[in-house]
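Below is one structure; the comments refer to it alone.
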Amino acid sequence: MLKKLLKLVGVLFLALIVVLVVNTFRGNRVLPKYTVEGTPALNDTAALHLSQAIQIKTISFGDTLAIDTVEFIKFKSFLETSYPNVHAKLARQSFNQFSYVYKWTGKDTSLQPYVLMAHMDVVPVEAVAESKWTVPSFSGTIKNDTIWGRGAVDDKVSVIAILESVEQLLKQNYTPNRTIYLCFGHDEEISGKRGAKVISNWLKEQNVKPALVLDEGGQIDTKHFKQLNRPFAVIGTSEKGYANFDLSVEIPGGHSSMPAAETAIDVLNKAILNIRAHSMEPAITPTMQELLDRTKAAESFGKRLVLSNLWLFKGLMINQLEKSKETNAMVHTTLVPTILHSGIKDNVIPTVAKATFNSRILPGQTSEDVLNFVIKAVNDDRVVIKKQTISLMEPSPITSYDNPEFKKMEQIIYKTVPDVIVSPFLMIGATDSRYYRSFSDAVLNFSAVQDVKGFHGIDERIGKTDLNRMIFFYNQLITK
Ligand SMILES: [Zn+2]
């Protein structure tokens with residue numbers, strides 16, 4: 001009897017191995033091979049224009065009173081002098097003074113237009129960080145074929161690359177088939193409410209239904225997926241949701257010389273720890289699944305075996321993804337305390353303690369799901385929990401990777417970058433393009449850069465090769 005049983009277990013085990021191995025080989029997509037065309041030489045003035053753009057301090061501060069509008073006026077005249085054809089031939093409209101839309105009317109106005117987005121504002125450089133920069137942060141220094149300074153990557157390079165590309169085409173008297181809107185915001189780093197949001201509402205009012213909205217977000221990655229041994233271009237096809245939750249505890253305080261067993265701070269503290277000790281159910285979203293499928297063929301046999309048999313190894317895969325904070329954020333709705341308020345004096349026990357949690361919500365879940373999770377994790381009636389409505393954004397709809405505009409971008413990337421793998425991905429941070437997701441089927445996030453550094457940090461810089469590739473990318477998008 002025991003022998004029979006052992007035999008059966010053995011046979012089942014063998015069958016399992018066969019299934020696992022067959023799945024591993026069966027589901028493998030062949031990695032694409034395309035002929036890469038060289039990009040034309042970089043226009044001499046392009047790097048100079050980016051350098052000049054960096055030198056104008058269009059800084060967005062959280063405290064809007066600190067914003068220097070003179071710099072934004074300077075930026076406007078810089079654009080006018082640097083791109084004379086754009087300003088002579090395209091219709092420009094301003095929004096809240098410093099955000100602009102340029103309309104380039106196409107030959108066939110029955111075609112759905114494109115919207116090419118970028119933002120002109122940058123984040124500040126902290127005083128303590130300034131001395132750590134190799135060159136002054138707003139110098140726009142060009143050395144070793146690299147352009148240095150705040151905004152070199154985020155996102156002045158997009159403004160410049162779009163305009164360089166359009167200016168060159170206008171010089172050749174080119175007219176695009178479809179209408180193209182160039183939409184440049186001036187407050188992306190502080191929510192985009194006065195720029196991109198207003199522009200997107202205006203386009204909606206004009207009944208504009210863009211075939212494509214392209215904004216910053218994805219790039220050609222060579223750092224995070226080293227095991228692929230290939231450049232990996234990720235195109236953002238959706239954004240996580242954004243919600244804040246306020247927790248508040250009110251318990252009469254008193255003199256700190258005779259504290260009660262539990263104070264408002266203690267109760268709030270427990271609530272915070274309880275939320276942080278749990279996490280919402282992880283999920284491999286359809287976008288993540290597609291990313292894993294597309295990269296599989298370049299992975300090791302062991303990884304391929306796991307990826308091809310997620311019916312068995314899903315837990316293992318999720319554990320793996322949870323190990324880094326970036327990939328963890330791709331499989332989880334995250335929740336983290338970002339603001340704490342309590343206390344006014346060292347010897348007074350405060351009556352009120354408050355915390356704000358910021359949450360980034362995975363597609364497939366909603367802010368109500370997060371609220372219910374928080375209530376359950378806290379499990380204490382003394383903690384009043386409220387969802388803020390002002391900054392609330394549910395997870396965005398997902399642009400399909402079968403959309404023709406996604407496929408077109410994919411082809412341009414294959415043509416431009418040797419051995420590249422292209423994949424859709426979920427944006428874990430928010431961009432201005434979120435305002436467009438309700439009225440365009442294809443909102444995509446991508447910049448054709450491969451080796452940029454210092455985004456929001458020290459020594460932000462971009463090489464001329466990347467700048468050139470970006471200009472070429474926009475050229476192809478407009479002309480093909
Ligand atoms: Zn940006």
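Laboratory data are not the source of any read-out in this text; all were calculated from the coordinates shown. Just so we're clear, the structure is a prediction, and the values are computed from it rather than from any experiment. Every residue, glycine among them, receives a Cβ derived from its backbone with ideal geometry; neighbour counts consider all protein chains shown.
Can you give the charge dipole size of the chain about its Cα centre, rounded to the nearest 20 debye, using +1 on the beta carbon of Lys and Arg and -1 on the beta carbon of Asp and Glu? Please report the intermediate quantities before stating the final value.
Working: 54 positive and 49 negative charges, 328 e Å.
Dipole about the Cα centre, nearest 20: 1580 debye.
Peptides 281-291, 313-323 ranked from most to least packed, by the mean per-residue count of other Cβ atoms within 10 Å: 281-291, 313-323. Once backbone amide H atoms are built at 1.01 Å from N, Gly106 has Thr179, Ile180 as its partners under 5 Å, excluding neighbours fewer than 5 places away on the same chain.
Each residue of the range 130-135 was assigned a 3J(HN,Hα) from its phi angle through the Karplus expression (A = 6.51, B = -1.76, C = 1.60, θ = phi - 60°), giving 3, 6, 7, 6, 5, 10 Hz with x at Gly and Pro. Around Phe446, under 9 Å between beta carbons, what's the net of Lys plus Arg minus Asp minus Glu among the other residues? Once all neighbours under 9 Å are counted, the net charge is -2.
Assign one of three labels to the range 239-387, namely rounded, prolate or oblate, based on the Cα gyration tensor with a ≥ b ≥ c the square roots of its eigenvalues; rounded applies when a/c is under 1.5, prolate when it is not and a/b is larger than b/c, and oblate otherwise.
prolate
Sort the following peptides by mean Cβ neighbour count (other Cβ atoms within 10 Å, averaged over residues), highest first: 3-13, 356-366.
356-366, 3-13
For Leu362, the amide hydrogen comes within under 5 Å of the amide hydrogens of Gly241, Thr333, Thr334, counting only partners 5 or more places away or on other chains and with H modelled in the peptide plane. For the chain, the square roots a ≥ b ≥ c of the C-alpha gyration tensor eigenvalues yield an a/c of 1.5 or more together with a/b not exceeding b/c, which makes the shape oblate.
When peptides 245-251, 306-312 are sorted by average Cβ neighbour count within 10 Å, with the highest value leading, the order is 245-251, 306-312. Between the listed residues Gly315, Ala261, Ile344, the Cα displaced farthest toward the positive end of the dipole of the range 239-387, a dipole computed from Cβ unit charges relative to the Cα centre, is found at Gly315.
Counting only DSSP beta bridges with both residues in the chain, tell me the antiparallel percent, nearest 5.
Once the DSSP bridges in the chain are tallied, antiparallel ones form about 70 percent.
Sparsely packed loop sites in the range 26-95 (the chymotrypsin sites (Phe, Trp or Tyr not before Pro) outside DSSP H, G, I, E and B with at most 15 other Cβ atoms within 10 Å) comprise Tyr34, Phe61.
By Kyte-Doolittle mean hydropathy of at least 1.0 and Cα axial length of at least 15 Å, which whole DSSP H helices of the chain are selected? Write down the numbers at each step before the final one.
Values: long enough: 2-26 (35 Å, 1.87); 44-55 (18 Å, 0.19); 69-82 (20 Å, 0.22); 156-171 (22 Å, 0.93); 264-277 (20 Å, 0.84); 310-322 (18 Å, 0.67); 367-378 (16 Å, 0.86); 404-416 (18 Å, -0.93); 464-479 (22 Å, -0.06).
Length and hydropathy pass: 2-26.
Take every Cα pair under 8 Å whose residues are at least 6 apart in sequence, average their separation, divide by the length of the chain, and the relative contact order is 25 percent. If you take the square roots of the eigenvalues of the alpha-carbon gyration tensor of the range 348-431 and sort them as a ≥ b ≥ c, do you get rounded (a/c under 1.5), prolate (a/b over b/c) or oblate? Note, shape of the range 348-431 comes out prolate.
Between the residues Pro231, Ile275, His332, the greatest Cα displacement towards the positive end of the dipole of the range 213-369, with unit charges on the Cβ of Lys, Arg, Asp and Glu, is found for Pro231. What the phi angles of the range 424-439 give under the Karplus curve with 6.51, -1.76 and 1.60, with θ = phi - 60°, is a coupling list of x, 8, 8, 6, 8, x, 9, 10, 4, 5, 4, 6, 9, 5, 7, 10 Hz, glycine and proline written as x. Annotation: amide H of Thr141 within the under-5 Å range of Trp148, sequence separation 5 or more or interchain, hydrogens built in the peptide plane. For the range 254-262, backbone phi angles converted through the Karplus equation (6.51, -1.76, 1.60; θ = phi - 60°) give residue-by-residue couplings of x, 6, 6, 6, 9, x, 6, 4, 9 Hz, Gly and Pro being listed as x.
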